[in-house]
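Read the structure below first, then the notes.
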Amino acid sequence: QVQLVESGGGLVQPGGSLRLSCAASGSIFSIYFMGWYRQAPGKQRELVASIIKDGRTNYVDSVKGRFTISRDNAKNTVYLRMNSLKPEDTAVYYCNVRVPDGSSWGQGMQVTVSS
């Protein structure tokens with residue numbers, strides 16, 4: 001079992017930046033995937049960015065060039081740096097990690113991009 005604690009969401013103006021954090025504890029040695037999902041009202045949850053064990057990253061097209069996923073292995077933490085935020089980035093953001101026998105989710109954080 002992996003437990004996740006998220007932080008960093010909030011309200012930001014268009015063009016602004018936020019950094020989301022997700023700290024993992026528990027059976028962290030078996031994590032092979034760490035990612036950030038988001039769900040906007042009336043829409044399906046989508047995978048925004050991910051990083052796998054060898055460090056390779058992947059992004060949904062709508063955030064490429066604006067968002068950066070990274071991890072700090074010493075702190076067992078994954079980050080999502082979000083720059084040039086747009087109103088359409090408004091959503092609840094969830095951290096997700098995968099281990100061989102399942103996955104864990106964070107509690108979710110609201111990110112609102114509005115003037």
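Among residues other than GLY35 with Cβ under 13 Å from its Cβ, the summed charge is +4 (Lys and Arg +1, Asp and Glu -1).
Peptides 75-83, 104-112, 40-48 ranked from most to least packed give 75-83, 104-112, 40-48, packing being the mean of other C-beta atoms within 10 angstrom over each peptide's residues. Charged neighbours of SER70, selected by a Cβ distance under 10 Å, balance to +2 (K, R count +1; D, E count -1). Per-residue extension of 0.36 nm, minus the Cα-Cα distance of ARG66 and SER84, leaves a gain of 5.9 nm for this segment. Normalised by the number of residues in the chain, the mean separation of alpha-carbon contacts (under 8 Å, six or more apart) gives a relative contact order of 37 percent.
With K and R counted +1 and D and E -1, the other residues having a Cβ less than 15 Å from that of ARG56 yield a net charge of +3.
Since only LEU18, GLY42, MET109 are under comparison, the one whose Cα sits farthest along the positive direction of the charge dipole of the chain, derived from C-beta charges on Lys, Arg, Asp and Glu, is LEU18. Taken as Cα centroids, region 3-65 and region 75-115 sit 4 Å apart, rounded to the nearest whole angstrom. The three principal axes of the C-alpha atoms in the chain carry coordinate ranges of 41, 25, 23 Å, sorted with the longest axis first.
Ligands, DNA and RNA left out, the 1.4 Å accessible surface of the chain is 48% carbon and sulfur atoms. Accessible surface for the chain, divided over its residues, is 54 Å² per residue with a 1.4 Å probe. For LYS64, the aspartates and glutamates whose Cα falls under 15 Å of its own Cα, not counting residues fewer than eight places away in the same chain, are GLU46, GLU88, ASP89.
The values are calculated or read from the model by the stated rules, or taken from the named source; none is laboratory data. In this text, all values refer to a predicted model and were calculated from it rather than measured experimentally. Neighbour counts run over all protein chains shown; Cβ positions are idealised from the backbone, glycine included. Calculation scope for accessible area: heavy atoms of the full protein, side chains included, ligands and nucleic acids excluded. Shrake-Rupley method; radii C 1.70, N 1.55, O 1.52, S 1.80 Å.
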